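The values are calculated or read from the model by the stated rules, or taken from the named source; none is laboratory data. These figures come from a predicted structure and were not determined experimentally. FYI the Cβ positions are ideal-geometry reconstructions off the backbone, even for glycines, and counts take in every protein chain you see. Surface areas here come from the heavy atoms of the whole protein model, side chains and all, with no ligands, DNA or RNA. Shrake-Rupley method; radii C 1.70, N 1.55, O 1.52, S 1.80 Å.
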Amino acid sequence: MSADEPNSSAAPLAVEEFISALDALEAPGRILVAVSGGPDSMALLRLTAAHGRREVAAATIDHGLRPESAEEAAQVARWAAAIGVAHVTLPWPGAKPATGVQEQARLARYRLLCEYASSADFGAVLIAHHADDQAETLFMRLARGSGLNGLAAMNASLEIAAGAGPPVRFLRPLLGFPRRRLHASLEAFGQTFLRDPSNENPDFERVRVRGLLAALSAQELLTGEALARSAVRLSRAAARLDREERQSFALAGGAFHQSGWVRLSEPGRVDASLLRRLVHAVGGGDFPAPEEDAGRALAAARNTGAATL
């Protein structure tokens, strides 16, 4: 466990600004804050606790991937107690994967938060992604040739299913604010934080992208702020596409059957964009198929009567 000093080269994020962002997301009266102990999540915790208008609790996932993780979770619990916030540590049980550790840890984190938030009747979970995270995500998806939905990057509000119960709302109220303002807020609160060594490990793509974006910004070639603005605009375009696809589904006479399949009374109205969403909805998986693959499958189905996507 180690602590680091925040970067105070920017104005702290005012509690009033944070409340405005939280209210814009229609945050409920009882919320759970996901807190790793790093600077971003500690800033989120302090800002959430400071406004006093909602019932707030904190949760830390102990992934058990490093020997010091249990003590780090205990330190977060002490920090939460010092500001009057209830805290729970949620361990990730079982054997850990040998490969794809970060991705599997991320999936476990969301699953554990979903399960706890549902069982404890929290209306939403707050997570600490900010504008720099948004910029990095957009850059990585550009590198993969993502389509519109991928380039829209992270949404400020999303729902994740938690078993058979209703989905859990996850909110990102810091998505419009850069990292440096959050660090300045920590300094204003007099709050220390933990540093995760994986955030400096160049084996991880996001760490390399962060360094590259810093270099591009220093050369005035590309800034994180510009990428974040692009992500917002792309998100608006994706929302418009979503509305159009819902209208197309209705015009095609679409209906979901309780057994898990879709019926279309007028399939000729379905295009590749809608098809990929329907196949994803029925088949599951993390992401829909690429639109070009859906286009080829749709053409094959119309020519031969069947196709696999």
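If you sort the three axes of the alpha carbon gyration tensor as a ≥ b ≥ c, you get a/c of 1.5 or more for region 177-218 and a/b no higher than b/c, which makes it oblate. First check a/c for region 203-260, with a ≥ b ≥ c the square roots of the eigenvalues of its C-alpha gyration tensor; if it is under 1.5, answer rounded, and if not, answer prolate when a/b is larger than b/c or oblate otherwise. Here region 203-260 falls in the oblate category. Mind checking which of Ile160, Ile127, Ile19 has the largest fluctuation in a GNM of the chain, springs on alpha carbons under 10 Å? In the Gaussian network model the winner is Ile160.
The apolar share of the surface of region 116-168, taken as the fraction of accessible area on carbon and sulfur atoms (1.4 Å probe, ligands and nucleic acids excluded), comes to 53 percent.
Secondary-structure-derived ellipticity at 222 nm for the chain, considering helices only, amounts to -16000 deg cm²/dmol, per-run term -39500 (n - 2.57) for DSSP H runs with n ≥ 4. Of all the options Gly283, Gly123, Gly37, the one that moves most in a Gaussian network model of the chain with Cα springs shorter than 10 angstrom is Gly283.
Distant-in-sequence amide contacts of Leu126, defined by a placed amide H-H separation under 5 Å and a gap of 5 or more residues or a different chain, comprise Leu32, Val33, Ala34, Leu171. For Phe177, nonlocal amide neighbours, meaning residues 5 or more places apart or on other chains whose placed amide H falls under 5 Å from its own, are Ala131. Working from label points 7 Å from Cα in the Cα-to-Cβ sense, the Ala70 to Ser248 distance is 5.3 nm.
Sequence-ordered 3J(HN,Hα) estimates for region 227-242 from the Karplus curve with 6.51, -1.76 and 1.60 and θ = phi - 60° stand at 5, 5, 5, 4, 4, 5, 5, 5, 5, 5, 5, 5, 5, 5, 4, 4 Hz, glycine and proline given as x.
If the chain linking Arg78 and Arg240 were pulled fully straight, counting 0.36 nm for each residue of separation and taking away their Cα-Cα distance, it would gain 53.8 nm. Spin-label pair Leu264-Ala24: with each label point 7 Å from Cα along the Cα-Cβ axis, the two points sit 3.6 nm from one another. Peptides 296-305, 266-275, ordered by how many other C-beta atoms sit within 10 Å of their residues on average, highest first, read 266-275, 296-305.
Work out the FRET efficiency for Phe256 and Arg111 from their Cβ-Cβ distance, taking R0 = 30 Å, and round it to the nearest 0.05. Computed FRET efficiency for Phe256 and Arg111 comes out at 0.80.
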